[in-house]
Amino acid sequence: VVISTMAPGRLSFSNITALAPMVRVGTLPMRLLALDYGAEVVYCEELIDIKMVQCQRVVNDVLQTVDFVAPDDRVMFRTCDREKDSVVFQMGTADPDRALAVAQLVEKDVAAIDVNMGCPKEYSTKGGMGAALLSEPDKIESILRKLVTGVSVPVTCKIRILPSLEETVSLVQRIEKTGVAAVAVHGRFKEERPRHPVHCDYIEAVAQAVSVPIIANGGSLDLVKTNSDIEEFRKATGASSVMLGRAAMWNASVFRNQGPLPVERVMEEYLKYAIRYDNHAFNTKYCLCQMLRDKVESPLGKQVQAAQTNAEISNAYGLQQFYQQTQEQLQARRDALQSSSQP
Ligand code: FNR
């Protein structure tokens, strides 16, 4: 008799398709949209440990969300029940103790914790975070061990590939020993830009060398354009799972196995979530502009760029009525909460 030691409901990273962590893109509306279209796992944007440790957990009864709010009242991370079993909280960190403090702050509200070890941008690497960690395997190990033993949800990390196959494989073997639940491998060297072709052979070598699920990443530009390409990319890399960044950012319906939706429809559904969850208007705009791509200078694109509020963005998409109705519903909930809290 085989007795599973896995806790019930523990998120599995085998044979799944995931929304990649993306700064500014991976906020709540995009994550919910990706889930609607068929992604099984959704990563939030990278959040920096130093900012997160200062946050307070606030239950938002009006929006029906849990918010992590910074001292300046900015909502750094907003989540809700719908994604509780699928959302992975990605952090930027270079410090095991701080990483653990952040992980413990959010663990009851998320399905897993991920550490970013691939970001090559200076704001990340100068603090020793992101891709800077790749040359410090001892630190990687101490951060991951601390997290694996200190939280009850699965812990994962996301890396880029190292200069040789051997180095890449041995790093992932070391990472595997820490007890992580999966490793996402972005098949590019840290000096490479997103336009460079992805190195499927590196991901394949890693996938063959370890038994922890490998999540292949980096295929958006040349390999993964449609839903069926996801399976091709999985096969080409021999990985267990696939993670999509840009393909999902441009049109999240790439996750739909019934076929893609026109981006106009995707933008509309995105915007409805942004309105419903009171997403910051600048963030809403940013994401819509990514979806507009070469149409960002079209009449619609110009209207979106000129808008300053979610209400103005709604006008651009003809969603005034939806916006109005949503505000009324939220106000009704606010009123009901107020009257039930009166003695
Ligand atoms: C990223 N990427 C990224 N990676 C990460 O680990 N944490 C992050 O916060 C971000 N932020 C981010 C923002 C934007 C706008 C893009 C386009 C990318 C990298 C991303 O997760 C992924 O590794 C790459 O985009 C390669 O995968 P695709 O796009 O080829 O599927």
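All distinct Cα pairs of the range 182-288 go into the 1/r average, and the inverse of that average, the Kirkwood radius, is 15.1 Å. Placing +1 on each Lys and Arg Cβ and -1 on each Asp and Glu Cβ, with no other charges, gives the chain a dipole about its Cα centre of roughly 160 debye. Here the translational diffusion coefficient of the chain follows from Stokes-Einstein with Rh set to the Kirkwood radius across Cα pairs; for 10 °C and 1.306 mPa s it amounts to 76 µm²/s.
Once you reduce the range 163-207 and the range 71-129 to the center of their Cα atoms, the two points are 21 Å from each other.
Roughly speaking, what % of Cα-Cα pairs in the range 68-107 are separated by over 17 Å, rounded to a whole number? In whole percent, the long-distance tail amounts to 41.
Computed over the Cα atoms, what is the radius of gyration of the range 296-343 divided by 2.2 N^0.38 Å, N being its residue count?
That ratio works out to 1.65.
In whole percents, the pair-distance distribution calculated for the range 25-81 from its alpha-carbon pairs, binned every 10 Å from zero, is 23, 49, 26, 2.
Legend: P(r) of the range 255-343 from all alpha carbon pair distances, 5 Å bins from 0, whole percents, reading 3, 13, 22, 21, 14, 11, 7, 5, 3, 2, 0, 0. Relative to one another, the C-alpha centroids of the range 233-260 and the range 261-333 are positioned 24 Å apart.
Compared with the alpha-carbon gap, the fully stretched path from residue 231 to residue 56 is longer by 59.0 nm at 0.36 nm per residue. Each residue, residue 209 and residue 174, gets one label point 7 Å from its Cα in the Cβ direction; the gap between the two is 1.1 nm.
Whole-percent P(r), the range 1-159, all Cα pairs, 5 Å bins from 0: 2, 9, 19, 22, 21, 15, 8, 3, 1, 0, 0. Relative to the current alpha-carbon distance between residue 166 and residue 123, full extension at 0.36 nm per residue lengthens the span by 12.6 nm. Its convex hull of Cα atoms gives the range 193-232 a direction-averaged projected area, equal to a quarter of the hull surface, of 3.1 nm².
Pairs over the 30 Å Cα-Cα cut-off, from the set 272/295; 126/158; 121/272; 126/235; 84/177; 51/285: 121/272; 126/235. With a Förster radius of 30 Å applied to the C-beta separation of residue 152 and residue 36, the computed FRET efficiency comes to 0.60. For the range 66-142, the Kirkwood hydrodynamic radius comes to 13.5 Å, computed from all pairs of different C-alpha atoms.
What list do you get for 226, 326 if you sort them by fewest beta carbons within 10 Å? It would help to have the intermediate numbers written out before the result.
Values: 226 13, 326 18.
Listed from fewest to most nearby Cβ atoms, that is 226, 326.
When the alpha carbon gyration tensor of the range 69-223 is reduced to an equivalent ellipsoid, its three semi-axes come out at 25, 17, 16 angstrom, largest first.
The simple Förster model, with R0 at 30 Å and r as the Cβ-Cβ distance, assigns residue 331 and residue 84 a FRET efficiency of 0.70.
Every read-out reported here was derived from the displayed coordinates using simple, explicitly stated rules and does not represent laboratory data. All of these numbers come straight from a predicted model, not from anything done at the bench. In this analysis, Cβ positions are derived from the backbone assuming ideal geometry, glycine residues included, and neighbour counts consider all displayed protein chains.
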